[in-house]
Amino acid sequence: MKKVLPLLVLVVIVAAAGVYFWLQSPPPGAEADRLDLYGNVDIREAQLAFNASEHIAEVLVQEGDQVRKGQLLARLHTELLEARLAEAEAALEAQRQVVARLEAGSRPEEIRKAEAELEAARAEAKAARDSYRRVEQLLAKKLASPQDEEQARSQADAAAARVKAVEATLALLRAGARKEDIAAARAQLQAREATVRQARQRLADASLYAPADGVIRNRILEPGDMAFPQAPALTLAFLHPVWVRAYLPEPMLGRVRLGASAWITTDSYPGKRYQGWVGYISPTAEFTPKTVQTPELRTRLVYSVRIFACNPEGELRLGMPATVEIELDQADAGSQPRPCGGGSANERQ
């Protein structure tokens, strides 16, 4: 037992020394002034869907096609939408004419007609009054009956009422439409215009356009399929930006700053290097132990980083393994995009 105890102490001392030197050594892939990181190329993607529900009439792109921003990718059947737009435009034009008629007021011909009707009504009223007076005189001489007198008086009163009615009609024609009626017609016109805009937007939603430059990665729906706003029709992989997602060891966190220049290489194009820069460093660590961390465990933390790359020829593709070389202790240059170019891709700046 006494011989085993010194041996155990020696083993513990050797193990502690090994752990110490392992913790003091740089992370794998790190040299005195350079750090090598390993990751995969990453890009953004969008699931493109129609903002309408209808059968697909045509899909104009294939998987792998490069498209430009604003390019027409697919469209739906639009016969019903076009008919609804035509109906809305016709109703709008009819309401415009209503507003124009109210704002213009009565036509001169209508006013002259009312004036003529008024003159005729006044003449009829004068004749009815004269007839009533004659009947009154005849009644006094016992040459007319009381019924004749009553009938003549009623006709005279009716003729006078007609005169007042025609006078009121003429006054309305001269005054034109009420301002309340014009306001209501204008409000109805605005509603018709909104309906037309809505119909036009629905017709525009029947066409699917590329939101940015990219590559069609997946053609999900085909002509004849039913499209819904919740159902993607195409998957678009954006050409820009392209970056390599890698992980930065915690001991190197203070030596790699935003905007640091980098070089990227891949197995697919041996000997070719792509210019890049550090555009993002995660503010939180990953693979963090749940328990309280000792100094030894803290050195095992890593931080997600994005190294943006110049990819003018589109050679860097989604998921491609890549190696990143970063010169340590560069000045903080920020995360804004850098201009690509300025030297050969096979030469170090």
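What follows draws every value from the coordinates through simple rules; no lab data is involved. All figures in this text were calculated on a predicted structure; none of them were measured in a lab. Please note: Cβ atoms are built from the backbone with ideal geometry, for glycine as well, and neighbour counts cover all protein chains shown.
A few comments on the model shown:
- Here region 203-228 and region 93-120 have alpha carbon centers that stand 54 Å from each other.
- Karplus-derived HN-Hα couplings along region 181-191 (A = 6.51, B = -1.76, C = 1.60, θ = phi - 60°), whole Hz, x at Gly and Pro: 5, 5, 5, 5, 5, 5, 4, 5, 5, 4, 5
- Candidate cross-link partners of LYS126 among the aspartates and glutamates, defined by an alpha-carbon separation under 12 Å and a same-chain spacing of 8 or more, comprise ASP157.
- Stretch gain in nm, segment ALA212-ALA100, where the contour uses 0.36 nm per residue and the Cα spacing is subtracted: 35.8 nm
- More than 17 Å apart - percent of Cα-Cα pairs taken over region 83-201: 69
- Binning the C-alpha pair distances of region 221-266 at 10 Å intervals from 0 yields a P(r) profile of 16, 30, 18, 16, 16, 4 %, listed from the shortest bin outward.
- The HN-Hα couplings worked out from phi for region 300-307 by the Karplus form 6.51 cos²θ - 1.76 cosθ + 1.60 (θ = phi - 60°) are 8, 6, 10, 10, 5, 10, 10, 9 Hz, whole numbers, x standing for Gly and Pro.
- Vicinal HN-Hα couplings computed from phi for region 111-121 (Karplus, 6.51 cos²θ - 1.76 cosθ + 1.60; Hz; Gly/Pro x): 5, 5, 5, 5, 4, 5, 5, 5, 4, 5, 5
- Approximate shape of region 40-79 as ellipsoid semi-axes (Cα gyration tensor, √5λ), whole Å, largest first: 25, 12, 9
- If the segment from GLU93 to ARG197 were pulled out straight at 0.36 nm per residue, it would be longer than the present Cα-Cα gap by 36.1 nm.
- Residue order, fewest to most beta carbons within 10 Å, for HIS240, HIS77: HIS240, HIS77
- If the chain linking ALA57 and ARG300 were pulled fully straight, counting 0.36 nm for each residue of separation and taking away their Cα-Cα distance, it would gain 81.9 nm.
- With both labels modelled 7 Å from their Cα along Cα-to-Cβ, the ALA116 to ILE220 distance reads 7.2 nm.
- Take every pair of alpha-carbon atoms less than 8 Å apart whose residues are at least six positions apart; their mean separation over the length of region 83-201 yields a relative contact order of 49 percent.
- Neighbour counts of other Cβ atoms within 10 Å put TYR38, TYR303, TYR247 in the fewest-to-most order TYR38, TYR247, TYR303.
- VAL242 long-range amide H proximity, modeled H, under 5 Å: ALA309
- Each of TYR38 and ARG178 was given a label point 7 Å from its Cα along the Cα-to-Cβ line. The distance between the two points is 8.6 nm.
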